[in-house]
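So the structure is just underneath, and the comments pick up after that.
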């Protein structure tokens, strides 16, 4: 049980800045995701929160206590790594109970706790088995058991499902989330997989090149990205970006690309120069009479939906439509963009322009 | 390019049966993706065609010619593996040229240059042609190894999870590229993957393997919309198809044991109540984890649903699948 507050935390390794000054708060009981591509600083951030790395500057508060310069052993947290390291010569029960025994708990008390944890994880029937012969899933459950048995204030997980194959990964991610919901303990989780982050997280921090690009609840980040980076990193396929040169005024809800005028949420600031019109694939409707035209160059069947790629004057656009809708490669068709969902970006900075729709949800670090 | 057939191919490794009388035809000019969990026999099938392994029983033929006794080099196949294997002391250009420089082919240098530049463009590595292979990132090395197969014009391309080590964006780009290269060139490809999006989007045909046997062969749409069994139905679709006792809902045929419901086969707002256990906002859609008469199921609803965990929602089947006691589809 813990609230974790990061204030202006920064980390340098020699001349290299791994994490630029960052601030965000993990509320008590949240499942909190640190998301970004490799090298973005998410693991370094997690390691600083856990005390495995000390920040160059800034403060870290766990339940109001400043712990920034304290090592992990003094923070009462548990860390679960991608590669689960178990003691091969011990059975499952001894592996789970090890942290308790090494803290000096009596064998009888430890045994009681181990059985309780094993029941939560559904592995009480294998407590006497050697870990050597276990399946990947059971090994992962044992590693989790060893982390939760101490009842730490918070869990830190660094891509714990990264090494598993897709089918099993989906199953384990559900199990992990369900476990969290039963125990209610604060969990901070690092991943590069945007779908995993959306699926499991109560809140997400998106990082790129050491900078916190945005944090908030998953759907808000998806709907109203603060930067172009977030818009393309989250969503598959990513948001479509139509580059254009022009000017928009504060208060306007119309923008002209080429000869076509498009609606959008009213802007709270104006801009001019190189701009980007952003629209997500599922907010595009193919409509033969719409004036903005594209030629279909590819279709990808996905079961319920299909992805249609279109060549347009502003580059390739991908639309997600129902799989029973007609879309033939080679055909020219019109496109309609849902005006309520549009985001404009400044090309140079990649920053989203403030509008009536996204004000209030753009939280930068 | 050529048609490839396997007839009654069996292969065991010690006590493990990898292929069990597998019969499959890869039509000329098709893009066939093999699907199945680890151990279903996907990679072994590739190795049988390539000649890296030899069947215990049965035959492999390429373009109507029996391959028995022929080495990989004699079979005119091009392979791409999950783990890239490049010549580290050569540049990217030299690696790509290598298959064309074989004394067997005697390809003129002008033609080689043309081909290498074209393939490098497709794979977005033109600017790296003069780099040493070892100076590339993992994703770039994998593109070079795909490129090395593409510069050739073999009877068949054999690919074993070639995109699995690449990042999501590049994977999405290459999916579209591979499909268009295949369609334009009329290439025959046999492709193994765990990734069902790759299978659905690229394949002209999907072969579903179960314990070394082919259990269904058809277009991705056929496998998705008309699966022959629970096993085949579970290969495609995200979230996975829900398999529940048929007796939970009225209207099941007499010998139906299980009912199969993909999200689009679950009508919301009608029927009996289910409890919302968890709501996952994925951006473009929202997943609902439901409990219906003590059974868990997952369905999909619109992105901005008001539903929260603890709410109830009525559901009923819409054109569901029914399966018998053996998991075979009966309706």
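Bear in mind that the values in this text are calculations on the coordinates, not laboratory data. From a predicted model like this one, the values you see are computed outputs, not experimental measurements. Note: ideal-geometry Cβ built from the backbone for every residue, glycine included; neighbour counts use all protein chains shown.
Binned at 10 Å from 0, what are the whole-percent values of the Cα-Cα distance distribution for region A:49-173, short to long?
13, 38, 32, 15, 2
Dividing the alpha-carbon radius of gyration of region A:231-365 by 2.2 N^0.38 Å (N being the number of residues), what value is obtained?
On the way: Rg = 15.1 Å, N = 135, 2.2 N^0.38 = 14.2 Å.
Ratio of Cα Rg to 2.2 N^0.38 Å: 1.06.
Take the Cα coordinates of chain B, assign each an equal point scatterer, and use the Debye formula without solvent to give log10 I(q)/I(0) at q = 0.11 Å⁻¹.
For chain B at q = 0.11 Å⁻¹, log10 I(q)/I(0) is -0.81.
Between the alpha-carbon centers of region B:289-331 and region A:320-365, tell me the distance in whole angstrom.
First find each Cα centre; the distance between them is then 31 Å.
Looking only at region A:4-223, where both bridge partners belong to it, what percent of the DSSP beta bridges are antiparallel (to the nearest 5)?
55
Jot down the per residue volume, in cubic angstrom and as a whole number, of the convex hull over the alpha-carbon atoms of region B:242-323.
Residue-normalised Cα hull volume stands at 80 Å³.
How do the peptides B:297-303, B:98-104, B:200-206 rank, highest first, by the average count of neighbouring beta carbon atoms within 10 Å per residue?
Peptide ranking by packing, descending: B:200-206, B:297-303, B:98-104.
Could you line up A:312, A:341 from fewest to most neighbouring Cβ atoms inside 10 Å?
Least crowded to most crowded, the residues run A:312, A:341.
Could you work out [θ]222 nm for chain B from helices alone, using -39500 (n - 2.57) per DSSP H run of at least four and dividing by all its residues? Round to the nearest 500 deg cm²/dmol. Mind showing how you got there, number by number?
Working: 8 runs with 77 residues, N = 331.
My calculation for chain B gives -6500 deg cm²/dmol from helical runs alone.
Looking at chain A, I'd like the Rg to Rh ratio, where Rg is from alpha-carbon atoms and Rh is Kirkwood's inverse mean 1/r.
For chain A, the value is 1.06.
Once you've got the GNM for chain B with C-alpha springs shorter than 10 Å, pick whichever of B:120, B:40, B:185 has the biggest mean-square fluctuation.
B:185
Got a sec? How would A:320, B:287, A:182 order by Cβ neighbour count within 10 Å, fewest to most? Could the numbers behind the result be given before it?
On the way: A:320 22, B:287 19, A:182 8.
Lowest count first: A:182, B:287, A:320.
By how many degrees, between 0 and 90 and to the nearest 10, does the Cα long axis of helix B:109-122 differ from the longest principal axis of chain B?
Long axis of B:109-122 versus the principal axis of chain B: about 20 degrees.
Under the definition of Cα pairs under 8 Å and six or more residues apart, what whole-number percent is the relative contact order of region B:4-233? Walk me through the numbers on the way to the answer.
Values: 424 pairs, mean separation 68.3, N = 230.
Once normalised by length, the contact order is 30 percent.
Would you mind pulling out the separation of the Cα centroids of region B:17-39 and region A:51-74, in Å?
A separation of 54 Å, based on Cα centres.
In Å, what is the Rg of the alpha-carbon atoms in region B:169-236, and how long is Dmax?
12.6, 36
Along its principal axes, what span do the Cα atoms of region A:237-295 show, with the longest given first and each in whole Å?
Taking the Cα atoms of region A:237-295, the three principal extents are 32, 25, 19 Å.
If you take each beta carbon of peptide B:274-283 and count the beta carbons of other chains within 10 angstrom, what is the mean?
Rounded to a whole number, the mean comes out at 5.
By how many nm would the segment from residue A:359 to residue A:13 lengthen if fully extended, with 0.36 nm per residue of separation less the alpha-carbon distance?
Full extension from residue A:359 to residue A:13 adds 121.0 nm.
For the pair residue B:104 and residue A:169, how long in nm is the line joining their label points, each one 7 Å along Cα→Cβ?
In this crude spin-label approximation the distance works out to 3.7 nm.
Helix A:136-148 against the longest principal axis of chain A: what's the angle in degrees, Cα atoms only, rounded to the nearest 10?
Tilt of helix A:136-148: around 70 degrees.
Regarding region A:145-267, what are the three Cα extents along the principal axes, ordered largest first, in Å?
Extents along the principal axes: 63, 29, 26 Å.
Taking every alpha carbon pair in region A:299-365, what does the distance histogram look like in 10 angstrom bins from 0, in percent?
Bin by bin from 0 Å, the calculated values are 16, 36, 27, 19, 1.
Listing A:109, B:53 from the residue with the fewest other Cβ atoms within 10 Å to the one with the most, what is the order?
On the way: A:109 12, B:53 18.
Exposure proxy ranking, most exposed first: A:109, B:53.
With just the Cα atoms of the protein assembly as shown, tell me how far they stretch along each of the three principal axes, in Å, largest first.
So the extents along the principal axes, rounded to whole Å, are 75, 70, 64.
What average count of beta carbons from other chains do you get within 10 Å of the Cβ of residues in A:294-307? Can you show the working numbers first?
Numbers: counts 0, 0, 0, 2, 7, 3, 9, 8, 9, 14, 8, 3, 3, 5.
That works out to 5 on average.
Report the Rg/Rh value for region B:26-141, based on alpha-carbon coordinates and the Kirkwood definition of Rh.
Checking Rg against Rh, the ratio lands at 1.01.
If contacts are Cα pairs under 8 angstrom and at least 6 residues apart, what is the relative contact order of region B:62-151 in percent? Let's see the in-between values first.
Details: 81 pairs, mean separation 38.5, N = 90.
The normalised contact order for region B:62-151 reaches 43 percent.
If the viscosity is 0.692 mPa s and the temperature 37 °C, what Stokes-Einstein diffusion coefficient in µm²/s follows for region B:10-78 when Rh is the Kirkwood radius over Cα pairs?
256
If I build a Gaussian network model for chain B, linking alpha-carbon pairs within less than 10 angstrom, which residue out of B:146, B:156, B:315 has the largest mean-square fluctuation?
B:315
Just from its helices, what would the mean residue ellipticity at 222 nm be for chain A, if runs of 4 or more DSSP H residues each count -39500 (n - 2.57) and the sum is divided by every residue, rounded to the nearest 500 deg cm²/dmol?
-7000 deg cm²/dmol
Would you give the gap between the C-alpha center of region A:297-317 and the C-alpha center of region B:186-260, rounded to a whole Å?
24
Taking the square root of 5 times each eigenvalue of the Cα gyration tensor, what semi-axes in Å does the equivalent ellipsoid of region B:135-285 have, largest first?
37, 20, 12
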